[in-house]
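The values are calculated or read from the model by the stated rules, or taken from the named source; none is laboratory data. If you're wondering where the values come from, they're calculated on a predicted model, not measured in any experiment. Heads up, the Cβs are rebuilt from the backbone with ideal geometry, glycines too, and the neighbour counts pull from every protein chain shown. Surface accessibility is based on the protein's heavy atoms, side chains included, excluding ligands, DNA and RNA. Shrake-Rupley method; radii C 1.70, N 1.55, O 1.52, S 1.80 Å.
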Amino acid sequence: MKVLIVGSGGREHVLAWKLRQSKKVKEIFCAPGNGGISQIATCVPLSSDDVSGLLAFALEKKIDLTIVGPEAPLVAGIVDAFEKEHLTIFGPTKAAAQLEGSKIFAKEFMHRHVIPTADFRSFDNIKDAQAYLQHRTFPLVVKADGLAAGKGVVICRDLKDASQALEDMMTSKVFKEAGSKVIIEDCLEGQEASILAISDGQKFVVLDSSQDHKRIFDDDQGPNTGGMGAYSPAPVITKKLMTKITLDILTPTVQGMRQEGIPFRGVLYAGIMVTKDGPKVLEYNVRFGDPETQAVLPRLKTDLVDLCLAASQGKLGLTNLEWDERPCVCVVMSSRGYPGAYESGKVIKGLSEADRQKDVVVFHAGTKNQGEDIVSCGGRVLGVVGFGEDIAKAIQNAYNGAEKISFDGCFFRRDIAAKALKRC
Ligand code: AMP
Ligand code: GLY
């Protein structure tokens, strides 16, 4: 089989690495890929947003399966475009991708299907939104309706914060049209977890749980990032809780989308807050999480290509997935300045030394080849993954790997998976 992966981050590197383990996969292309992916797949210089270019490439190369990493091409309708040409592609259609592409769509959908989530109101003009704030208690959360590269959520401690967030989104248009409508919702308290399921539109299988670390600094301080590390499984998601999440959240989501005539095929990612009143949905994503996937997929023993193919073709068997029981920890190494304006072009040293460590795998995110060197070219540069017999050993392995690597301005959190350690 020939597989095309769309995207260029750590998530796409782990997807390529996982597909390499399948006997069924003969050739892997990745558009556009990165420095690490180029060592195990053929990188194609096409942007992940270039739907017509990707389609032409897939037709020309007779690609058997396309797997889409990021949300933007899904929300733009890449799946519809490929399916029109009878190409097999793993991901939701444009209509189903609204679960991530429009927070108002997602919240109204949850309301219609009685799926637990924070109470909310939506607004399309700032006057009404500002008036509503006057009657509210704080904290609360202001969210841009559309895609905002993970920056469209503001936790507001008081009226001043919330009023400013509305001004930024609706008047200054910092997220362009994505902020022309907003949601104001209750602030939930608890521990977060990421639950990923693979669905064929009717049936679904649930992957093991994971937990992301969104803030830049240790102890969850500082601004939000794309994710500074992850681990799997997340002990906060007990077996009992996973059953509840499956029954109360995943099942009505998959069934609800089907009933509404927009069956969801692809990865359904539910960002969950485990509150004292039970698990509630913070948000849906319609793709693999990054960096959660770097901690989840290395533990999956089942052939990923079988799962993706079956889901794309509406033929998912209710298979029990097979897992490596050992926990996995991913530490993200980032560039100085991230999540703001960051440095790039720094030569990365120690990559093969880190990779040679037992139970360590290095996934590239923002890297590229430059002559003989691999240099940084993104905010999140690498994800160093460690396996271990227990979470303490997995943490130790991941950090042992990270310590071997250096580049000017390199930064990483020192407390990835500390929450899991506390629960053991
Ligand atoms: P998102 O960009 O939608 O992934 O949200 C980013 C982060 O904002 C989530 O991971 C949570 O940490 C936080 N968040 C979103 N909605 C809420 C909420 N209703 N209450 C508390 N935190 C939230
Ligand atoms: N790690 C969060 C996300 O993929 O959106």
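Data for the structure
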{"item": "Per-region count, region 182-230, residues within 16 Å of ligand 2 (Cβ to nearest atom) and of a type in the set (D, E, K, R)", "result": "6"}
{"item": "Tally, over region 95-131, of residues that are closer than 15 Å to residue 182 by Cβ, more than 16 Å from ligand 2 (Cβ to nearest atom) and open to solvent by less than 40 Å² (accessible area, probe 1.4 Å)", "result": "7"}
{"item": "Residues located in region 56-78, provided they are crowded, with 19+ Cβ neighbours inside 10 Å and without any contact (Cβ under 8 Å) to a residue 60 or more places away in the chain", "result": "58"}
{"item": "Pairs with Cβ under 9 Å, 6+ apart, first in region 233-259 and within 15 Å of residue 99 (Cβ to Cβ), second open to solvent by 80 Å² or more (accessible area, probe 1.4 Å) and among the aliphatic types (A, V, I, L, M)", "result": "252/114"}
{"item": "Criterion (away from ligand 1 (no atom under 15 Å from the Cβ), modelled with pLDDT of 95 or more and not in a loop (DSSP other than H, G, I, E, B)) met by exactly one of 193, 197", "result": "197"}
{"item": "Pairs, first over 18 Å from residue 105 (Cα atoms) and more than 16 Å from ligand 2 (Cβ to nearest atom) in region 144-167, second assigned to a loop (DSSP other than H, G, I, E, B) and open to solvent by 70 Å² or more (accessible area, probe 1.4 Å), C-beta under 6 Å, six or more apart", "result": "none"}
{"item": "Any hit, region 81-90, residues being under 28 Å from residue 241 (Cβ atoms) and either basic (Lys, Arg) or surrounded by fewer than 21 Cβ atoms within 10 Å (Cβ to Cβ) (or both)", "result": "no"}
{"item": "Those strands (runs of 3 or more DSSP E) lying entirely in region 100-187 with at least 3 residues under 30 Å from residue 259 (Cβ atoms) and either at pLDDT below 95 or more than 10 Å from ligand 1 (Cβ to nearest atom) (or both)", "result": "120-123"}
{"item": "Any chance residue 174 is among the aliphatic types (A, V, I, L, M) and closer than 30 Å to residue 331 by Cβ", "result": "no"}
{"item": "Flag for residue 365 being without any contact (Cβ under 8 Å) to a residue 24 or more places away in the chain and within 21 Å of the chain's Cα centre (by Cα)", "result": "no"}
{"item": "Set 286, 267, 362, 281: member being touching an Asp or Glu at 6+ places or on another chain (Cβ under 8 Å), farther than 28 Å from residue 407 by Cα and buried (at least 19 other Cβ atoms within 10 Å of the Cβ)", "result": "286"}
{"item": "Test: residue in region 205-213 that is away from ligand 1 (no atom under 16 Å from the Cβ), modelled with pLDDT of 95 or more and not in a loop (DSSP other than H, G, I, E, B)", "result": "yes"}
{"item": "Which listed residue is open to solvent by 50 Å² or more (accessible area, probe 1.4 Å), basic (Lys, Arg) and more than 12 Å from ligand 2 (Cβ to nearest atom), from 299, 258", "result": "258"}
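This table checks each residue for (1) β-branched (Val, Ile, Thr); (2) within 24 Å of residue 339 (Cβ to Cβ); (3) open to solvent by 50 Å² or more (accessible area, probe 1.4 Å).
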site	(1), (2), (3)
153	yes, yes, yes
157	no, yes, yes
195	yes, no, no
209	no, no, no
223	no, yes, yes
232	no, yes, no
245	yes, no, no
